[in-house]
1. Run down A:ARG102, A:ARG8, A:ARG13 and say which single residue is more than 13 Å from the chain's Cα centre (by Cα), surrounded by fewer than 21 Cβ atoms within 10 Å (Cβ to Cβ), at pLDDT below 95 and not aromatic (Phe, Trp, Tyr).
2. Give the residue, chosen from A:HIS75, A:HIS20, that is within 24 Å of A:PRO143 (Cβ to Cβ) and surrounded by 17 or more Cβ atoms within 10 Å (Cβ to Cβ).
3. Taking B:ASP125 as meeting all but one of (1) more than 11 Å from chain C (Cβ to nearest Cβ); (2) free of Cβ contacts under 8 Å to residues at least 40 places away in the same chain; (3) acidic (Asp, Glu), write down the number of the exception.
4. For segment B:1-113, give me every one of the strands (runs of 3 or more DSSP E) that falls completely inside it and has 2 or more residues that are within 14 Å of chain C (Cβ to nearest Cβ) and touching a residue at least 12 places away in the same chain (Cβ under 8 Å).
5. Residue check: is A:LEU34 aliphatic (A, V, I, L, M), closer than 25 Å to B:MET111 by Cβ and crowded, with 20+ Cβ neighbours inside 10 Å?
Amino acid sequence: MNDAEVARMLDERAIVEVTHRYCAALDGHDWQALERCFTPDAVAVYGGVPGEHDGLDAIKEVCRASLEPLDASQHLVANHLVELAGDTAASRCYVRAQHCRRELPDGENFMIAGTYEDEWLRTADGWRITRRVLAVTWTEGNPMVLARNRREGL
Amino acid sequence: MNDAEVARMLDERAIVEVTHRYCAALDGHDWQALERCFTPDAVAVYGGVPGEHDGLDAIKEVCRASLEPLDASQHLVANHLVELAGDTAASRCYVRAQHCRRELPDGENFMIAGTYEDEWLRTADGWRITRRVLAVTWTEGNPMVLARNRREGL
Amino acid sequence: MNDAEVARMLDERAIVEVTHRYCAALDGHDWQALERCFTPDAVAVYGGVPGEHDGLDAIKEVCRASLEPLDASQHLVANHLVELAGDTAASRCYVRAQHCRRELPDGENFMIAGTYEDEWLRTADGWRITRRVLAVTWTEGNPMVLARNRREGL
C-alpha cells in the first residue's frame, strides 16, 4: 500500500466534498454554509456577472442576489481533476447549473454550463477555496429566468 | 495515515457504487438487480408518482411500469454527500433522469431532475437502501413521454 | 483496514481520472494529451460516426475532425462502474456531451448522451484505455451543429 497515494486520495475526496457542499448551499439558499467552503479573503469570478467578488461577504451576497429570486436551482458538478501541492491545491470540474423560475413565458429553465477553476488552501478546519472562477462554456433555455433578477434590482 | 478516514472513504465509495448500480438497473431494465440495491422492506417515494412504494416488490413494479414502455432512459447522478453513522448512513445526490420515447410529436425527451435523499443499512451483503425519496427540482421537455405510459394503463 | 479494498479504490480512482483527462483533452482541443489516455493500439467506436478507429493516430484524428470546427464542447461523465481483473479492467460510465456552434439557425447546441464502455490495461505509465465504445442513448438539440463539420469536409 502506498501511503502517499492514499493521503492524496483523502485530500481529493475532501476537496470534492467541499464543492458538493458549496452546490448544496447555493441550491438550498444556505448562505451561511458558504463559510465552510471559502477562506474569509477568497475571491470569486462568475462568468456573466461583472467584476470580481472579493471576500466571503461579497461572495455570499452575489450568490444570494442571483439565486434567491428563483424558484429553484441545481448546480451539478462532475469531472473533478485535483492537483495537490502540499497545503495548497488547484482543481477543475465541470458544472451544469440549472436555474428555474416558474410561469415565465418562453420557458422556465436557464442552464449555465462551464468549468469551475479553483485554488485551495488547507486550513485547521479543512480545505477551503481561496479563488473560484466560473468559465462559462455554453448556455441553454430562457435567459430571462436570470434577467428578471436584475430588472428587479437584485 | 488515518485508518478511520480510509474506512469512511471505503464506505462512501460502496454507497455511491450501489446508487450507480441502481441507475444501471433502471436504464438496463434489469429489475432483478434492484435486489442488490434495496433491503427487502425498503420504501421508495418518487416525486410525481403518487404514494409510497413499500417493499422491494413494489419498488421493482413502479420502476418497471414507469420505464419499460420507454425506448431509453438515462439516470445520471452526481454531487454525492454521505453521512455515516456506524451501520447506517444518510446520503443525498443530484439526479438528472432523461426519459426517451421516439417519434412523439412535441419532442422525444423528458428530463426529471432532483435529489435522491436516501437512508442506508450496512448488511452482510453490503450497503443497502432502506428509504429513497426523489425530490423533484425541475423538469424539461415533453411530459407526454411519460404520460403515455399512464394512458396505456402501465 | 482491508489493503485489497484500498488498492482497488486507488485503481478505480486512477481509471476515472484518465477518463476525466480524456474529456479535458477533447474539450480543450489538446489532441496530444490523448496519448496519456489510450494505448498506442487502442480502438475506439463512436456511435454515430461510421467505423472503428484503429490506433491512437486514428482516434486523435476523429476527435480533432469532429470537435475542432466547434466553438465549444463539454463532455460530462458520471456513474462510473469499474470491474478490475488484475492488470486489466472493464468500466462503464455515462456521458452527456454538449457540442456548440454559435450563430446557427435552429439552435447552437447539440447534446449526444450515452455510455462509454471501456477496456483498460495497466501499463508502466498508468492505466490506459485499450478499447472505448460510445453507445448513444439519446440526443437533443440541433444536429446541424455537428452536420456542418461533415459538409465542410472535416
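The values are calculated or read from the model by the stated rules, or taken from the named source; none is laboratory data. These numbers were taken from a predicted model, which means no experiment stands behind them. Backbone-built Cβ (ideal geometry, glycine too); neighbour counts: all protein chains shown.
1. A:ARG102
2. A:HIS75
3. With (1) more than 11 Å from chain C (Cβ to nearest Cβ); (2) free of Cβ contacts under 8 Å to residues at least 40 places away in the same chain; (3) acidic (Asp, Glu) applied to B:ASP125, the lone miss is (2).
4. By residue number, B:72-85, B:88-100.
5. In short, no.
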